[in-house]
Structure formats: C-alpha cells, structure tokens
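**Student:** First the structure, which I've put down as structure tokens, then a few questions once you've had a look.
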Amino acid sequence: MKKVIMGNHAVSHAVRLARTQVVAAYPITPQTQIVEELSNMCAEGKLRAKFIKVESEHSAMACCIGAAAAGSRAFTATSSQGLALMHELLHWAAGARLPVVLAEVNRALAPGWNIWTEQTDSLAQRDTGWLQFYCTSNQEILDSILIAFRVAEEVSLPAMVVYDAFYLSHTYEAVDIPEQEPVDAFLPPYEPSVKLDVDNPMAFGSLTTPEYYMEMRHKIEEATERVHEVLPTTYEEFGRIFGREYKAVEPYRCDGADLILATSGTVSSTAQLVIETLRERGMRVGGLNIRMFRPFPARAVREALGRCKKVAVLDRNISFGQGGIFAQELKSALCNEPHRPQVFGFIAGLGGRDITPASIEEVILTADKLDAPEREIEWIGLKT
Amino acid sequence: MNHEQIHEEELVCSGHYACQGCGGVIAMRHALRALGPNTIVVIPACCWSVIAGPFPYSALKVPVFHAAFETGGATASGVRAGLDMQGKTEVNVLAWAGDGGTFDIGLQSLSGAVERNENIIYACYDNEAYMNTGIQRSSATPLRAWTTTTPELFSKETPKKDIVQILVGHKIPYVATASIGFPDDLQAKFRKAKTIEGTKFIHILAPCPPGWKYSSELTIRVARLAAHCKVFPIYEVFDGEHYVINLEPEGKPVAEYLAMQGRFSHLTERQIQEIQARVDYDWEHLLHKAMLEKFEFRGA
Ligand SMILES: Cc1ncc(C[n+]2csc(CCOP(=O)(O)OP(=O)(O)O)c2C)c(N)n1
Ligand SMILES: [Mg+2]
C-alpha cells in the first residue's frame, strides 16, 4: 500500500514489518518520531515487541546487545551525540557478532548545538565493525532496514541504516509499505546458531589472550567481506519480491563520462538533476551514488571510476586534518590502479547548510577546469 | 517579595527562546537573581540549551558553558577545579539541568560529583519529561502521565523516581526542593546554597505548558497547586539526615491538580484515587522522616 509518510515513520514501519522483538531507544532530534511511532505501534498491539525506554543511548545499545545475545531481533535508532555516546557499545555489538540494526539520522555534532544534517557522526563510526548503508529516499529507508536485518543476520554483524536529518527524516514522500506476507518470505525469523541458552550453556566474550584474539578479528573481517557476496543476491531477491532494484554503488550517466561526481545521501538526487542539465549542455559528466559505506565497495567503485579522467567527491562531513571521508575512501580504493583518475575533494553543507544545484555545479565546474587538485580540500560556500 | 526586588539585578535577558509560560525560564531567573553575577552556568542538553539563545547571542549575562547531555555533574566538577586552581574559589559554579539530564542520562556523573562532594550547586529544573525533543517520558514523569512515548493506552506505569532520596543517600550537605510558585523560598535556597561548602542540589518544579497541556498563563498556579496538593512537597535535607519542611500544604485534593493538565485527561476515577493514595502515603512518609508528629513548618 502506498502512503505518504516521513522518513522516520518509514523506519518505524520497517521495524514493525521485520517483526522486531526488542526495541530499546532514547529520544534525540531528528530521530524522535521513529521511537514515538514505535511506542504507539506497541501500545496498539501492531508491533508485538518489548520496548525498553532506556535512560541513555549507551544503555539503548547495551539492551540491544543483550537482547540479540538472548536470540531476539533487536533494533534502536539515534543521531549525532547519541551515536557518539554509543561508541563503546558499537564495537561491542560487532565484536560479539550480534546483528543489531540501528537507524541513524545524520546530524552535526556539538558544540555548538546543531540539529541539522551532516555525515560526520556516522562516518566517525567507520572502524567499529558496523555495516553502513546511506539512503536517498524514504522508500529506500524502509527497504534498507529490511535488507539490513537480512544481511546482518546472515553474516552475524550489526548494520546501520543512515539518512539525512530533515531532508529525509521529516520530509513526507510516497512510500510503498509492503504487506506482512512478502516481508516474512524475505526475512525469516532470527535464529542465531549460538545464543544465551540454559539448555546449551556457553560463555560469550570471555578473557581472550593474544593466542586467540587476532583470529577472532580476522573472522570479523571475513564476515564483513562476505557482504560483497551476500548483498547482491539479497538485493536481487528483494527486487524479485518487491519490484525495487538496488546496488551498493549506483552509477548515473557514467557512460563516456570524463568527470564523475561521487556523492552519498540526499545530495545524490540533487546531483543527478545537475548532471542532467550539464549533459544537455554537452558536458561529459556522470554521477556515482555510494549507498554502502561499510564494507567499502572498492571493486564496484573501481569499475565505475576506472575509465574516467577525474573524480570529484562531495563530502558533507570532515575528518579534520585529512578532509572529506568519502574522498579518502575513494582515493584508497583507486590508489593501486594503473590508470587512476585525479580525485578532487570538496566539502560542503556542514551543519545542514543547503547544498544547492548551484553549489554542485560549482563543484563540477571547478574540477573540470583544473588538471589536478590545487589543494587537498576545496570548501564550497564558505563565508569569509 | 516585592516587585522591584526581582528587577534589581536581572541576569536573564528578555528575548530568550523559551515558550510562553515556561517554568524553566522563571526558575533560572530566580536562581541567578539569588546567586548574582559571580556565577558560571554549565548547561547540559535540555530546553535551556535553546532558551539560552542561538549563536552569536546569549540570554544570560553570566558565562555559560554548554555541555554534553550526560555530563552536567562532571563538567561542573571540572569547571570548579579549573577555577580553584586559579584561586577563584568564590565563583559559584551552577550546573543547570533538566530532569532527563539529572534523573536519567546524567545520573552517573551527578552521583560521581556528589560522592566527591564537589563544591558546586546542581539545580534540576524538572518539567517531568524530555521537552526539548518533544515530550518523551523521563524517569521524572509521574505515574499515569501522557507523553509521546507513554501514549494514553500505555500511560506511564511506574512512579516518578525519588531523586531527593537518591541524593540523601549520598549524604550530600544540602538538598532542597523548590518551586517557581514560591519564589521567595526558591531564592532563599539558592542564597543558602552559596554559603554551604560541598555539593548542593536544588530540585525545582518547573511546569511546562505545551508538555503538560495547560494554558500558559496558568504556570504559577499549577506550580503552587502541586505543592498544596502534596504532589511536590517543599522541603530541605541537611547532611542527608536532617529534614525541614518549608511549606504547609493546604491539602487540596490531587484531582484538582490533575484536572488542570491535559496530560492527565485520560485518567479514570479509580486511577485518580490511586494517585491520591500514593501522594498521601509519600507525604506521611516525609513527615515521618522529618520526625514531625504534628505539622510544624519553617521557612528556608
Ligand atoms: C547523548 C544525547 N542524547 C540525546 C540528546 C537529545 N536531547 C537533547 S535535550 C533532550 C531532552 C532533555 O530533557 P530534560 O533533561 O528533561 O530537559 P528539558 O528539555 O525537558 O528541559 C534530549 C533527549 C542529546 N543532546 N545527547
Ligand atoms: Mg525535562
């Protein structure tokens, strides 16, 4: 059934359809409606889940970890400060191989207080072992939550579904909300191979000496890499059941492009508009929407970018002292290629400042006119 | 209190970002009035993070440090230490947090500060929910109240956490409850807090028109009624032992207080009676702790 809903409610519906068993969450703008709607759904009996109204995000993640360890499907949602506070437990969930799913609404970090979109909060969690998927529409949010549960449970790793504050979280779009039956077919009940079980007692997370620890980390890496195999077949099956196609990396008019603009999140859809007009003007420009950030789809990125001369990366995030995080990741994916393109890094839209078609055009034209980047970071729309 | 007195030294400016009838802003106004300009305010995330005004403005005439939500007690401890090392021991350090930042996410850092007996004043303006993010329940939300995470069908099933008892358990030098409905008492408590060495905790009832669903001109009346119905008794505890009750409640029925607020509009007659019974019990218990056989009250 198609309904016009906000991005946050797309999450709530997906969590309901996933027959999530335990929700533990703490309010934070701009995530709050996810939790409010879930608590309504629980009250009305539409979602038969235990909803733990915790006293902090740190506890929210700890509850999810406990619930998943006990063998139940667990979900939480947060933003910015909340995600930062969870940091210790993000490592814990991944290390314990628990497929918790988290909806993360990108919001800039304090100080000063800012509730608007920026990706630094989620990207700063890149080394925690969580899978990360970035969305460009409300439909994609709903679908990604279902896919995240499926993939996470298959590889026994937690997954984060990430989207922009306000541009998606509070924006109403038509979303096809699937019926329960096809979702049940796509997402079977969570049945972990090991769990806390009095009939089969086991200890989890015991003291692990150097003799074993490294192999455990190696297994996490292997499981993460396995997502590259699991995800395409999952997307395929999802497409067959629900009629919507996804890819980890989405090229847009890249055929014969000399310059490709790489983006993620809602900026990708604005970028497509700009690319369309520039193509009409005869410019050989294409776009690349990066949907999956962890594991980083390096191979797909190389395939998409291998033949172009220049890549412009528009980052709505910053790693101070190094630049845009997507730019870094792209550079490292390309650095061993014999014919690698020049990579131009741009920073724009921090703290929710608008990234307009004009600013995207500025990015493309700047990269177009230079042979090589003049500096590591090019700031767009900076007031002086 | 006479009118001029309030305006004598106003440290909260007009043009702040509070809603009409906000109890939290009135609370700060009285607190700073009592503490004076020699005060530094630490504000963890709460409505006051917004009320204090957007960059590059500030609604307070004293220094403000905005802090992470869970760190009121710890950040204030750090500010205290930093000032002390420069010999600025006379500066008041005021941690100013909401109920969420105090009862819930900030309880650990508050407990740490109190146990170390940091020389700070920690004030909690209690509007009984997470109001900044749009009215979600906190552990200060009263039994059966509506919030967006405790919908009417599923209204809050547990009573309000007794934060004063938690602090009393720390043997804190000074804990007091206060209310914006009784500004003389509130100011007297902050003035007293200035003179006491160690951690001082002041728990202020600060009604919230949008969150409690009453009309904004009723804020003071709601606050006064809370005390007079014994829902929010006004008292002090010294050194975690000695109780002094500062206000003799008129003993109005709780129903009167509940009826003023939309957040309780779904209550049944029986639920109201249950609430009344709990309030009566808690009050008796308080009298017992104050070792008062009969009513005997002393101003702060
Ligand atoms: C770690 C973290 N989690 C969540 C938030 C979002 N947040 C900001 S203020 C607030 C609620 C504050 O409630 P309370 O302390 O009662 O103060 P009030 O807003 O009611 O005045 C929340 C949940 C945050 N800033 N940081
Ligand atoms: Mg509050």
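**Student:** Count the DSSP beta bridges whose two residues both fall in region A:250-379, then state the antiparallel fraction as a percent rounded to the nearest 5.
**Tutor:** Antiparallel bridges: around 20 percent, rounded to the nearest 5.
**Student:** Pop out the ³J(HN,Hα) list for region B:252-264 in order, Karplus 6.51 cos²θ - 1.76 cosθ + 1.60 with θ = phi - 60°, rounded to Hz; leave Gly and Pro as x.
**Tutor:** Per-residue couplings from phi come out as 6, x, 4, 3, 5, 5, 5, 5, 6, 10, x, 5, 10 Hz.
**Student:** Can you spot the lysines whose alpha carbon is less than 19 Å from A:Lys369's alpha carbon? Ignore those fewer than 8 places along the same chain.
**Tutor:** Reachable lysines: A:Lys309, A:Lys310.
**Student:** Work from the charge dipole of the protein assembly as shown (Cβ charges, +1 for Lys and Arg, -1 for Asp and Glu, about the Cα centre) and give the residue of B:Ile135, A:Val101, B:Asn117 farthest towards its positive end.
**Tutor:** The one lying farthest along the dipole's positive direction is B:Ile135.
**Student:** Could you work out the mean count of beta carbons from other protein chains within 10 Å of each residue's beta carbon in A:110-120?
**Tutor:** Counting other chains' Cβ atoms within 10 Å and averaging over A:110-120 gives 3.
**Student:** Given an 8 Å cut-off on Cα distances and at least 6 residues of separation, report the relative contact order of region A:2-242 as a percent.
**Tutor:** 24
**Student:** Hey, another quick one. Hey, can you grab everything whose amide H is under 5 Å from the amide H of A:Ile52? Only 5+ residues off in sequence or another chain; H modelled, so Pro and N-termini drop out.
**Tutor:** Residues meeting the amide H criterion: A:Val23, A:Ala24, A:Ala25.
**Student:** Something else now. Pairs of Cα atoms under 8 Å, at least six residues apart: use those to get the relative contact order of region B:108-227, whole percent.
**Tutor:** 30
**Student:** What is the helix-to-structure angle for A:210-242, meaning the angle in degrees between its Cα long axis and the longest Cα principal axis of chain A, kept from 0 to 90 and rounded to the nearest 10?
**Tutor:** 80
**Student:** If you average the alpha carbon positions of region B:196-219 and of region B:224-242, how far apart do those two centres end up, in angstrom?
**Tutor:** 13
**Student:** Anyone know which of B:Pro233, B:Pro56, B:Pro142 comes out most mobile in the 10 Å Cα GNM of chain B?
**Tutor:** B:Pro56
**Student:** Separate question: Provide the descending list of Cα extents for region A:235-384 along its principal axes, expressed in whole angstroms.
**Tutor:** On the principal axes, region A:235-384 reaches 52, 35, 35 Å in Cα extent.
**Student:** Kindly identify residues of region B:148-162 having a loss of at least 50 Å² in accessible area between the isolated chain and the assembly of all protein chains, probe radius 1.4 Å.
**Tutor:** SASA drop of 50 Å² or more in region B:148-162: B:Thr149, B:Phe154.
**Student:** In a Gaussian network model over chain A where Cα atoms closer than 10 Å are linked, find which of A:Asp127, A:Asp258, A:Asp199 has the largest mean-square fluctuation.
**Tutor:** With Cα springs under 10 Å in chain A, the top fluctuation among A:Asp127, A:Asp258, A:Asp199 is at A:Asp199.
**Student:** For region B:3-290, what is the accessible area per residue in Å² when the probe is 1.4 Å?
**Tutor:** Using a 1.4 Å probe on heavy atoms only, each residue of region B:3-290 averages 40 Å².
**Student:** Let me ask another. For a quick check of your reading of the filter: which GluC sites (Glu not before Pro) in region A:18-77 sit in a DSSP loop and have no more than 12 other Cβ atoms within 10 Å?
**Tutor:** A:Glu44
**Student:** For a Förster distance of 41 Å, can you work out the FRET efficiency between the beta-carbons of A:Thr233 and A:Lys46, rounded to the nearest 0.05?
**Tutor:** That pair, A:Thr233 with A:Lys46, gives E of 0.85.
**Student:** A drop of at least 40 square angstrom in accessible area, chain alone versus all protein chains together, probe 1.4 Å. Which residues of region A:34-62 meet that?
**Tutor:** Correct list: A:Glu36, A:Ala43, A:Lys53, A:Glu55.
**Student:** Work out the count of Lys pairs in region A:2-242 where the Cα-Cα distance is under 25 Å, with the pair 8 or more places apart or on different chains. Please list the in-between numbers first.
**Tutor:** Details: A:Lys2/A:Lys46; A:Lys3/A:Lys46; A:Lys50/A:Lys195; A:Lys53/A:Lys195; A:Lys195/A:Lys219.
Number of lysine pairs found: 5.
**Student:** I've got another one for you. If I model a spin label at B:Ser215 and B:Ala277 as a point 7 Å from the Cα along the Cα→Cβ vector, what separation in nanometres do I get?
**Tutor:** 3.5
**Student:** Separate question: Per residue, what accessible area does region A:2-242 have, given a 1.4 Å probe and all protein chains present, in Å²?
**Tutor:** About 40 Å² of surface per residue is accessible.
**Student:** Moving on to the next point. With springs only between Cα atoms under 10 Å apart, run a GNM on chain B and tell me which of B:Arg80, B:Arg278, B:Arg270 wobbles the most.
**Tutor:** Comparing B:Arg80, B:Arg278, B:Arg270 in a Gaussian network model of chain B, the most mobile one is B:Arg270.
**Student:** Against the longest principal axis of chain A, how steep is helix A:57-69, in degrees 0 to 90 to the nearest 10, with axes from Cα atoms?
**Tutor:** Roughly 60 degrees, rounded to the nearest 10.
**Student:** Compute the distance from the alpha-carbon center of region B:134-178 to that of region A:290-350, in whole Å.
**Tutor:** 49
**Student:** Tell me, what is the FRET efficiency for B:Glu250 and A:His87 to the nearest 0.05, using R0 = 60 angstrom and their Cβ-Cβ distance as r?
**Tutor:** Efficiency, rounded to the nearest 0.05: 0.75.
**Student:** Volume per residue, Å³, of the convex hull around the alpha-carbon atoms of chain B?
**Tutor:** 119
**Student:** Just to compare against my own numbers: the Cα pair-distance distribution for region A:2-242, 5 Å bins, whole % per bin, please.
**Tutor:** Distribution as computed: 1, 7, 15, 19, 21, 17, 11, 5, 2, 1, 0 percent.
**Student:** Do you know the relative contact order of chain B, to the nearest whole percent, from alpha carbon pairs under 8 angstrom that are 6+ apart?
**Tutor:** 16
**Student:** Right, something else. Can you tally the net charge around B:Ile26? Count Lys and Arg as +1, Asp and Glu as -1, for every other residue whose Cβ sits under 14 Å from the Cβ of B:Ile26.
**Tutor:** -1
**Student:** Continuing with the same structure: Round to a whole angstrom and tell me the spacing of the C-alpha centers of region B:68-125 and region A:78-106.
**Tutor:** First find each Cα centre; the distance between them is then 28 Å.
**Student:** Let me ask you something else. Long-range amide H contacts for A:Ala262: which residues qualify at under 5 Å (H placed 1.01 Å from N, peptide plane, sequence gap of 5 or more or a different chain)?
**Tutor:** Counting only residues 5 or more places away or on other chains, the set is A:Leu288, A:Ala312, A:Val313, A:Leu314.
**Student:** Okay, next question. Go through A:203-209, A:338-344 and give me the packing order, highest mean Cβ count within 10 Å leading. If you can, show how the numbers build up before the last one.
**Tutor:** Values: A:203-209: 8.7, A:338-344: 16.0.
With the highest mean Cβ count within 10 Å placed first, the list reads A:338-344, A:203-209.
**Student:** Test of understanding: given chain B, find the longest segment containing no chymotrypsin sites (Phe, Trp or Tyr not before Pro) that are in a DSSP loop and have at most 16 other Cβ atoms within 10 Å.
**Tutor:** Longest stretch, sites excluded: B:58-294.
**Student:** Additional query: For chain A, what does -39500 (n - 2.57) per DSSP helix run (n ≥ 4), summed and divided by total residues, give at 222 nm, in deg cm²/dmol to the nearest 500?
**Tutor:** So the calculated ellipticity at 222 nm is -13000 deg cm²/dmol.
**Student:** Could you tell me the total accessible area buried at the A-B interface, probe 1.4 Å, in square angstrom to the nearest hundred?
**Tutor:** 1500
**Student:** So if each residue of separation counts as 0.36 nm, and I subtract the Cα-Cα distance between A:Thr384 and A:Ala70, what length gain in nm does that give?
**Tutor:** Gain on extension, A:Thr384 to A:Ala70, equals 107.6 nm.
**Student:** While we're looking at this one, here's another question. Computed over the Cα atoms of the protein assembly as shown, what is the convex hull's projected area averaged over all directions, in nm²? Intermediate values should be presented prior to the final figure.
**Tutor:** Details: hull surface 138.9 nm².
Mean projected area for the protein assembly as shown: 34.7 nm², to one decimal.
**Student:** Right, another one. Whenever you get a sec, compute what percent of the accessible area on the protein assembly as shown sits on carbon and sulfur atoms (1.4 Å probe). Kindly include the intermediate steps, with their values, before the conclusion.
**Tutor:** Numbers: 15320 of 29150 Å².
With neighbouring chains kept in place, the figure for the protein assembly as shown is 53 percent.
**Student:** If you don't mind, there's one more thing I want to ask. Within chain A, what's the longest stretch lacking trypsin sites (Lys or Arg not before Pro) that sit in DSSP loops with no more than 10 other Cβ atoms inside 10 Å?
**Tutor:** A:1-280
**Student:** Any chance you could count the Lys pairs in region B:107-260 whose alpha carbons are under 16 Å apart, treating pairs 8 or more apart or on different chains as valid?
**Tutor:** Lysine pairs meeting the criterion: 6.
The values are calculated or read from the model by the stated rules, or taken from the named source; none is laboratory data. All values derive from a computational prediction rather than experimental measurement. Backbone-built Cβ (ideal geometry, glycine too); neighbour counts: all protein chains shown. Please note that ligands, DNA and RNA were not included when accessible areas were found on the heavy atoms of the full protein model with its side chains. Shrake-Rupley method; radii C 1.70, N 1.55, O 1.52, S 1.80 Å.
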